[in-house]
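See below for the structure under consideration.
No lab work stands behind these numbers, since they all come straight from the coordinates. Fair warning: this is a prediction, and the values are worked out from it, not measured in the lab. When we count neighbours, we look across all protein chains shown, and the Cβ atoms used for this are built from the backbone with ideal geometry, even at glycine.
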Amino acid sequence: MKDITRLTSATFGRKHSRRAVNVAVERGSTVLMESAEVLYDEDIRPTYGTDGLSTQTELCRLIADLEGATDSFILPTGLAALTLPMFAFLSAGDEILVVNSCYAPVRRFVETQLKRYGVTARYYDPRLTPEEVVALATPQTRLIYVESPGSLTFDIQDIPGIARAARARGILTLCDNTYGAGVLFKPLEHGVDMSMQALTKYVGGHSDILIGSVSVRDDGLAKKLYAAIKAWGFFTSADESYLAIRGLRSLHLRLKQSGQSALKIARWLEGRPEVAHVVHPGLESHRGHDIFARDFTAANGLFMVIFKGGDEARSQEFLNRLTLFGLGFSWGGFESLAVYCEPQIQRRTKLSGDDDWLLSGSAIRFYIGLEDPDDLIADIENAIKVFG
């Protein structure tokens, strides 16, 4: 049975003749036990609201199904889903290898928090081969963080190769799968140890929740993650969980529409004289497209454009001329968004002079939502005149 059918069918769990189509929102802190003898039985869950009640349990079940996991855990934000595994598996004296094209808050966490706990972090070029990445590891390396496509630059990594090489060395891998959303790419099926998502984005789908997930197939990893979640008190509300479940029902359809529209707009932009580069992994011109096409079933609605001769001021002018794009961070909702990226790109740790083209003009990141792509093209065409 296909993912989309399992996520949307109303027949699953129909042991009651009368019930609502959707799962109930079960709120609570105190959980009452049936007898005094089981009050301290650690094999019984939930014992308190922080374990999650039926709404959270149902979301975890659905995410595990989507990711092909044995266990999935939910956390208050996508960033929490990234940082919690690092806390769970890294100790003072350990080292983590982080892809240089990582999500900016990951870099912030590594630089400001992990270092305080005595963990060393080193960044590696996303264009390295799996063998070259793992060759950087030392006896202290415990974890490799991968993200493909990379944040902003959309660098493509050979994640199956890195996972395979890391496992041979006894090193864990953590993959940010927010781009793939559990639909376009399934890291656990490619040998990755932990797959996380910012469910805030495509799974939520309506820009009204903050929530994340981390999924595994190994029971030992699951136990350590759960212990860390309990220790840190990372509780996710029933209301946020309910909205994420609602978003899952239409995830495949929204993701398909968003991705197809974005590819149409990206191909149109490739032919514009004002454009220097269209940075979209679904385009044949994209560096690493062959690996992307091998591992991903399709592209999502996110990409970046470098407009010729622009600067930060002209980027701002371009954005202010747009009428159908919201100017805001994040992505994955029903609405199209745009931001300029020069400040973020400049903060990126440089490893190669090959990245100079990123600052050769105005860098605009587009997220394409569910509007008609022809209307969005017309909106961009009107604003693009600032680069003429």
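When a/c is below 1.5 the answer is rounded, else prolate if a/b is larger than b/c, else oblate, so apply that to the chain with a ≥ b ≥ c taken from the square roots of the Cα gyration tensor eigenvalues. Don't skip to the answer; put the middle values down first.
Details: a/c = 2.03, a/b = 1.35, b/c = 1.50.
Oblate shape, in that a/c is at least 1.5 and b/c is the bigger or equal ratio.
With each pseudo-label sitting 7 Å past Cα toward Cβ, what's the ASP239-THR47 distance in nm, one decimal?
2.9 nm
Report P(r) for the stretch 1-121: all Cα-Cα distances, bin width 5 Å, range 0 to the bin holding the largest distance, values in whole percent.
2, 8, 13, 14, 14, 14, 14, 10, 6, 3, 1, 0
Local charge sum around GLY205 (other residues, Cβ-Cβ under 15 Å, Lys/Arg +1, Asp/Glu -1)? Please list the in-between numbers first.
Details: positive: LYS201, ARG246, ARG249, ARG254, LYS256; negative: ASP208, GLU240, GLU335, GLU371.
Here the count lands on +1.
For helix 373-383, what angle does its Cα long axis make with the longest principal axis of the chain, in degrees from 0 to 90 and rounded to 10?
50 degrees
Rounded to the nearest 500, what is the 222 nm mean residue ellipticity of the chain from helices alone, with -39500 (n - 2.57) per DSSP H run of 4+ residues and division by all residues? Before the final figure, lay out each step's value.
Numbers: 13 runs with 137 residues, N = 388.
That calculation yields -10500 deg cm²/dmol at 222 nm.
GNM, the chain, Cα, under 10 Å: largest mean-square fluctuation among GLU67, GLU42, GLU132?
With Cα springs under 10 Å in the chain, the top fluctuation among GLU67, GLU42, GLU132 is at GLU42.
Based on the alpha-carbon gyration tensor of the stretch 251-387 and its eigenvalue square roots a ≥ b ≥ c, which shape applies: rounded if a/c is under 1.5, prolate if not and a/b is larger than b/c, or oblate?
Verdict is oblate for the stretch 251-387.
If you take the square roots of the eigenvalues of the alpha-carbon gyration tensor of the stretch 147-240 and sort them as a ≥ b ≥ c, do you get rounded (a/c under 1.5), prolate (a/b over b/c) or oblate?
Values: a/c = 2.40, a/b = 1.18, b/c = 2.04.
Judged from the Cα gyration tensor, the stretch 147-240 comes out oblate (a/c at least 1.5, b/c at or above a/b).
I'd like the orientation of helix 219-232 relative to the chain: the angle between its Cα long axis and the longest Cα principal axis, in ° from 0 to 90, rounded to 10.
90 degrees
Note down the net charge around LEU82, summing +1 for each Lys or Arg and -1 for each Asp or Glu among other residues with Cβ under 10 Å from its Cβ. Mind dumping the intermediate values first?
Details: positive: none; negative: GLU147, ASP176.
Value of the local net charge: -2.
Mean separation of Cα pairs under 8 Å and 6+ residues apart, divided by the residue count of the stretch 251-387: what relative contact order is that in percent?
Working: 228 pairs, mean separation 42.9, N = 137.
Reported as a whole number, the value is 31 percent.
Who wins for biggest fluctuation among PRO76, PRO105, PRO85 in a Gaussian network model of the chain, springs between alpha carbons below 10 Å?
Checking each option, the largest mean-square fluctuation is seen for PRO105.
So what's the net charge close to ARG45: Lys and Arg +1, Asp and Glu -1, counting the other residues with Cβ under 11 Å from its Cβ? Walk me through the intermediate numbers first.
Numbers: positive: LYS230; negative: ASP41, GLU42, ASP43, ASP51.
Result for the local shell: -3.
Tell me, what is the percent relative contact order of the chain, built from C-alpha pairs under 8 Å that lie six or more residues apart?
On the way: 746 pairs, mean separation 64.4, N = 388.
Relative contact order here is 17 percent.
With springs only between Cα atoms under 10 Å, which of PRO281, PRO46, PRO139 fluctuates most in a Gaussian network model of the chain?
PRO139
To test your reading of the geometry: what angle, between 0 and 90 degrees and rounded to tens, separates the Cα axis of helix 312-321 from the longest principal axis of the chain?
80 degrees
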